[in-house]
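Asks: A single structure is presented below for examination.
The values are calculated or read from the model by the stated rules, or taken from the named source; none is laboratory data. Just so it is clear, the structure is predicted and the values come from calculations on it, not from any experiment. Note: ideal-geometry Cβ built from the backbone for every residue, glycine included; neighbour counts use all protein chains shown. The accessibility values were calculated without ligands, DNA or RNA, using every heavy atom of the protein model including side chains. Shrake-Rupley method; radii C 1.70, N 1.55, O 1.52, S 1.80 Å.
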Amino acid sequence: PYNAKIGDVLVMHTNQLNYPLVHRVIGLNCNGTIIKNTSVYLRNYPNCRLITKGDNNPVPDPFIIYYKDVEGKVSFVIPALGLPRVIIYKIFHI
């Protein structure tokens, strides 16, 4: 996550979810000032809240996430790989 910037898809933890969140960072909220410049490195703003959003979601996430909550940066995608996990979660809630 050291080179993570606004616009990157990140793996993050939040107290509101029991599983990692994989969403895109669309901006930073620094005490009410919104930063959306895609050349901004998140490590330079450790006390600012990350504004995240799923690519298929119409609105930003309500979760409070900071740079310290970032686990990693998505570097490639295998389509539908996570689908079995979603199905298991929906059926068994685990």
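Asks: Just name the residue that is farthest from the chain's Cα centre (by Cα) out of those in the stretch 54-63 that are open to solvent by 50 Å² or more (accessible area, probe 1.4 Å) and not hydrophobic (A, V, I, L, M, F, W, C).
Replies: My answer is Pro58.
Asks: Please go through the stretch 64-94 and give me each residue that is surrounded by 10 or more Cβ atoms within 10 Å (Cβ to Cβ) and of a type in the set (Lys, Arg), ordered by number.
Replies: Answer for the stretch 64-94, where residues must be surrounded by 10 or more Cβ atoms within 10 Å (Cβ to Cβ) and of a type in the set (Lys, Arg): Lys68, Lys73, Arg85.
Asks: I would also like to ask the following. Which members of the stretch 5-39 meet the condition of being in contact with a Cys (Cβ under 9 Å, 6 or more places away or on another chain) and either without any contact (Cβ under 8 Å) to a residue 24 or more places away in the chain or in a loop (DSSP other than H, G, I, E, B) (or both)?
Replies: Residues satisfying the conditions are Leu28, Asn29, Cys30, Asn31, Thr33.
Asks: Out of Phe92, Phe76, Phe63, which single residue is within 16 Å of Asp8 (Cα to Cα) and of a type in the set (Phe, Trp, Tyr)?
Replies: One residue alone meets the criteria, Phe76.
Asks: Can you tell me which residues in the stretch 22-53 are within 15 Å of the chain's Cα centre (by Cα), closer than 17 Å to Tyr2 by Cα and open to solvent by less than 30 Å² (accessible area, probe 1.4 Å)?
Replies: Of everything in the stretch 22-53, those that are within 15 Å of the chain's Cα centre (by Cα), closer than 17 Å to Tyr2 by Cα and open to solvent by less than 30 Å² (accessible area, probe 1.4 Å) turn out to be Val25, Gly27, Leu28, Leu42, Cys48, Leu50.
Asks: I would also like to ask the following. Suppose we keep only residues that are in contact with a helix residue (DSSP H, G or I) (Cβ under 8 Å, 6 or more places away or on another chain) and either closer than 24 Å to Ile94 by Cβ or among the hydroxyl-bearing types (Ser, Thr, Tyr) (or both) within the stretch 1-21. Which one would you say is surrounded by the fewest Cβ atoms within 10 Å (Cβ to Cβ)?
Replies: Ranking the qualifying residues of the stretch 1-21, first place goes to Tyr2.
Asks: Specify which of the listed residues (Tyr2, Tyr45, Tyr89, Tyr66) is touching a residue at least 60 places away in the same chain (Cβ under 8 Å) and among the hydroxyl-bearing types (Ser, Thr, Tyr).
Replies: Tyr89
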